[in-house]
Amino acid sequence: MSEFFGKIMAFVESTKLIDQIAEVDYVGLFTNPWFLVPFIALVVYLIWKQRWRDMIFIAIFLGVWWASGTQYMQTLVVGEELQVSKVLPVLFGGAAIMGIVIYLLFGRSD
């Protein structure tokens, strides 16, 4: 089984997927019509179908993606030390987001 996962990780490393995700130009992404037109079409479709849960998931994904690139997140680790005073708000924010996701997935019935 570990050989199977080793092959998957070797494939991911060979495609440099993690580096590509880390170096995304979000300004360029959201001004590119090849991304923007389908994204707006998806949002309009979800609004038309009144899929509010899916809209909340998209908003949470975009919010976490945006927050992970802020200066605050870049200063969580200074040198070799983890800044505990800066980690606690991130921890509580993540717990709140997980609570919302769990509530939307399991707590409500449509």
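Please find, within the stretch 1-35, the residue that is surrounded by the fewest Cβ atoms within 10 Å (Cβ to Cβ) out of those that are at pLDDT 85 or above and within 16 Å of Trp66 (Cβ to Cβ). The extreme case among them is Thr31. Search the stretch 56-83 for residues being within 16 Å of the chain's Cα centre (by Cα) and hydroxyl-bearing (Ser, Thr, Tyr), and hand back the single one that is nearest to Val43 (Cα to Cα). This residue is Ser68. Restricting attention to the stretch 56-110, the residues being surrounded by 12 or more Cβ atoms within 10 Å (Cβ to Cβ), of a type in the set (Val, Ile, Thr) and either in contact with a helix residue (DSSP H, G or I) (Cβ under 7 Å, 6 or more places away or on another chain) or modelled with pLDDT of 85 or more (or both) number 9.
The values are calculated or read from the model by the stated rules, or taken from the named source; none is laboratory data. Note that the coordinates shown come from a computational prediction; the quantities given were computed from them, not determined experimentally. No Cβ is skipped: glycine too gets one built from the backbone with ideal geometry, and neighbour counts run over all protein chains shown.
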